[in-house]
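All of the numbers you see were taken from the coordinates with simple rules; none came from a lab. All figures in this text were calculated on a predicted structure; none of them were measured in a lab. Don't worry about glycine lacking a Cβ; one is built from the backbone with ideal geometry, like all the others, and counts go over all protein chains shown.
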Amino acid sequence: MRLGETVRLASPVRRIAQTATDVDVDAETCMVRAERVIVATPPVLASHIEYDPPLPAAYGHLLRRWAAGAIMRVNTVYETPFWRADGLNGETVAPQSPIPVSLDQSPRSGVPGILCSFSFGPSALALARLDADQRRALWLRALAERYGAKAGSPIAYLETDWSSERWSLGGMMAYFAPGMLTTYGTAVREPVGRIHWASSERATLMHGLMEGAVRSGERTAEEVLARKWPSS
Ligand SMILES: Cc1cc2nc3c(=O)[nH]c(=O)nc-3n(C[C@H](O)[C@H](O)[C@H](O)COP(=O)(O)OP(=O)(O)OC[C@H]3O[C@@H](n4cnc5c(N)ncnc54)[C@H](O)[C@@H]3O)c2cc1C
């Protein structure tokens, strides 16, 4: 089914107000009145929405403390996936390196060759503090150590720091500090009146991945339908 114009792009929700009978969702370009709302953003972004009445304390605390991890990704592009000619599949894991993982991300046609490499956690934060030129030099050196000198001279270098992406603020998943699950666990999935919650972080399986996001969306949709038609 195509959703078409029902989906409002570039229209962040700023405020959610609920009464005994409905809920008003105030977004940048529209206002929607509904019976129920599903907030399907990463927890930290859900904490940026104003709730009226305010969320119970456990929910507010959980959303503010459920921190996203740090992740930086670089795609380096080459004329061809030259590593394949050397018998390499392009996948590397180097736990001691600030860039511990790389993958062959070339299209099916094999042209151009693309390596996709990642930095995570404290290494990603440290790399983000470097000048762009320093970071690029360090990154390409790490690739050249694994794939040879050719890897250090890509025709394009594309970098994304998810922690500075306004509508992600980190990735690839938010995690619990010690004690959070035992203190706030019930607030992970229980609705607050007419407000329901979905996101990969709230999945019961495949937490943090695309499949977790889909599973969580399906679970929450069923939860909403069960309130509307309790006998179904
Ligand atoms: C670099 C990187 C690599 C990854 N690789 C993989 C992989 O290989 N395989 C895999 O399975 N998963 C991967 N993931 C994880 C995967 O992307 C996430 O698990 C998934 O996108 C989470 O989906 P979500 O719907 O919960 O949240 P999101 O995808 O974050 O979607 C939330 C949406 O809500 C929007 N939003 C936020 N605030 C508001 C607001 N106030 N109003 C309206 N809209 C709002 C955001 O713009 C966003 O579109 C990767 C993640 C990263 C960062």
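Counting beta carbons within 10 Å around each of I155, I38 and listing the fewest first gives the order I155, I38. Just the number: Rg to Rh for segment 153-203, Cα atoms, Kirkwood Rh, two decimals. Expressed as Rg/Rh, it is 1.19.
Angle of helix 210-228 to the longest C-alpha principal axis of the chain, folded into 0 to 90 degrees and rounded to 10: 10°. Going by alpha carbons, how many degrees (0 to 90, nearest 10) lie between the helix axis of 132-147 and the longest principal axis of the chain? Relative to the chain, helix 132-147 is tipped by roughly 60 degrees. Based on Cα atoms of segment 71-164, Rg over Rh with Rh as the Kirkwood radius reads 0.95. The order of K150, K228, going from fewest to most other C-beta atoms within 10 Å of their C-beta, is K228, K150. Amide H contacts for V39 (H built 1.01 Å from N in the peptide plane; partners 5 or more residues away or on another chain; cut-off under 5 Å): H196, W197, A198. Normalising the average separation of contacting C-alpha pairs (under 8 angstrom, six or more residues apart) by the number of residues puts the relative contact order of segment 1-120 at 18 percent. For the pair segment 197-232 / segment 96-142, the C-alpha centres are spaced 33 Å from each other. Debye-formula intensities of segment 98-232, expressed as log10 I(q)/I(0) at q = 0.12, 0.20 Å⁻¹, are -0.69, -1.21 (one equal scatterer per alpha-carbon, no solvent). Exposure proxy for F82, F120: other Cβ atoms within 10 Å of each Cβ, ordered fewest to most, give F82, F120.
In segment 36-88, inverting the average of 1/r over every pair of distinct C-alpha atoms gives 15.1 Å as the Kirkwood radius. Each Cα pair under 8 Å and six or more residues apart adds its sequence gap; the mean of these over the residue count of the chain is a relative contact order of 21 percent.
Over segment 71-164, what is the relative contact order in whole percent, taking alpha-carbon pairs under 8 Å and six or more residues apart? The partial results should precede the final answer.
On the way: 152 pairs, mean separation 36.4, N = 94.
Relative contact order, segment 71-164: 39 percent.
Under 19 Å from a label point set 7 Å out along the Cα-to-Cβ vector of E5, the amide N atoms of segment 12-32 belong to 12, 27-32. Multiplying the residue separation of C116 and Q134 by 0.36 nm and removing their Cα-Cα distance gives an extension gain of 4.6 nm.
Considering only Cα atoms, the convex hull volume of the chain works out to 179 Å³ per residue.
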